[in-house]
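Reviewing the structure listed below.
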Amino acid sequence: MTLHLAVALDGAGWHPAAWREPTARPETIFSARYWAAQVAEAERGLLDFVTIEDSLGLQSLLADGDDDETGQVRGRFDAVLLAARIAPLTRRIGLVPTATTTHTEPFHVATGIATLDHVSGGRAGWQARISARGSDARHFGRRAFPPLDGLDADSPHVRDLFAEAADAVEVARRLWDSWEDDAEIRDVPTGRFVDRDKLHHIDFTGRFFTVKGPSITPRPPQGQPVVTALAHARLPYEFAARAADVVYVTPRSTEQARDVVREIRGLSGEVKVFADLLVFVGDDAAGRRARLDELAGAELTSDAAVFTGTAGELADLLLDWRRAGIEGFRLRPGVVPDDLKQITRRLTAELRARGAFRSGYEAGTLRGLLGLPRPASRYAEAS
């Protein structure tokens, strides 16, 4: 069975000092060419998709607020716009930008992701993320958030943000369905471009949003672009089980992976479970990581497990976790391009030799690559 593989792209890599590596080319990070090259490398390796990180505030070492750090990458492109720029330069790989559900309108996010699905020919996804930081809220001035320092992860504030996120995803899904597949007639002789009976008001009314619809963007080629979410604990597991097609989890051992899969399967039998790993790959991986830790002045820490070793050792780990129920992996390269190339050229070859990875793309859409069916519009079914 083919293992699903994705990479998470962020700046020069996931080590704070990655931009200082000789191969990193930090002067190009804020250019379309830089990102296009990373995604092209991922597609060369036949990976399922890439994710592109984004947030509503600068990267920070603080739980809430900006830090004074000058030795780490700060700043990002808008992930949805960046993915749309890259889409015409790629052919088969999925593109999954991050868009937060807090302080944003689901109508705007839905049309942005639908547009990405059109310009990519059906390869769009969405990493839905909440933004609980008070410093982010102050960028918008609509709501006052409590400080995150010392705030319980299961607090009413955080629960409300996940409830809002679930509603935002539901609104987006209804908007993607609001045009039936054959709503566009484009019949020049009769002068009819659209069948208005096949555009539907969604009439969503919830605690956080009231959205009438329909969308301004015709139905995406996939029908429903793939929704993904990162989850570390019960509350985000519940959100992912309710709203997402793919959940990224962060176990640190085979036993923990088995326990996480069991917990999520108790919530949903349909969501695909991917594990996140921050990876340094190659014969020189340990030395490179140690050198970067020295440059950063601290040992690397992460919300996900950190792997350091050869491509063969990483393949052993992935296959072991697959036996625990993990269906795919989202790998975070410690350094781009070094670890990204180790993933796309060495790891994939190692897995392919073991019969665990594809030798070519089997489908033209991201849903197809992940084995997800294309759903019919709920409004078409109703009519």
Residue by residue through the stretch 371-380, the couplings from Karplus 6.51 cos²θ - 1.76 cosθ + 1.60 with θ = phi - 60°, in Hz, x for Gly and Pro, are x, 9, x, 8, x, 6, 5, 5, 7, 5
Output for the stretch 243-295: trypsin sites (Lys or Arg not before Pro) sitting in coil per DSSP, at most 16 other Cβ within 10 Å, listed by number, reads 252
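Kirkwood Rh over Cα pairs of the chain into Stokes-Einstein at 10 °C, 1.306 mPa s: D in µm²/s?
For the chosen part, D equals 73 µm²/s.
What FRET efficiency comes out for residue 67 versus residue 210 if R0 is 30 angstrom and r is the Cβ-Cβ distance? Round to the nearest 0.05.
Here the calculated transfer efficiency is 0.20.
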In the chain, whole DSSP H helices that both stretch 24 Å or further along their axis by alpha carbon positions and average at least -1.0 on the Kyte-Doolittle scale are 156-177
Full extension between residue 362 and residue 23 adds, at 0.36 nm per residue less the Cα distance, a length in nm of 118.8 nm
Listed by chain and number, the aspartates and glutamates with an alpha carbon less than 18 angstrom from that of residue 198, same-chain partners under 8 positions apart left out, are 177, 180, 181, 182, 184, 187, 381
For residue 279, the residues 5 or more places away or on another chain with a placed amide H closer than 5 Å to its own amide H are 307, 332, 334
Phi-derived 3J(HN,Hα) across the stretch 299-307 with the Karplus relation (6.51, -1.76, 1.60, θ = phi - 60°), rounded Hz, x for Gly and Pro, is 5, 5, 10, 7, 6, 10, 4, 10, 9
With the dipole of the stretch 173-234 defined by +1 on each Lys or Arg Cβ and -1 on each Asp or Glu Cβ, the option from 228, 188, 216 whose Cα lies farthest towards the positive pole is 228
Within the stretch 144-160, the residues whose backbone N lies under 14 Å from a label point placed 7 Å from the Cα of residue 234 along the Cα-to-Cβ direction are 153-156, 159
In this structure, the FRET efficiency calculated for residue 252 and residue 44 from their beta-carbon separation, with R0 = 25 Å, to the nearest 0.05, is 0.25
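I need the calculated FRET efficiency for the pair residue 203 and residue 181, taking r as the beta carbon distance and R₀ as 22 Å, to the nearest 0.05.
Efficiency for this residue pair is about 0.60.
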The residues 86, 29, sorted from fewest to most surrounding Cβ atoms within 10 Å, come out as 29, 86
Largest fluctuation, 208, 357, 307 only, Gaussian network model of the chain with Cα springs under 10 angstrom, belongs to 208
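FYI, it's all coordinate maths here, none of it is from the lab. Here the structure is a predicted model, which means the values were calculated and not measured. As a convention, Cβ positions derive from the backbone with ideal geometry for all residues, glycine included, and neighbour counts pool all protein chains shown.
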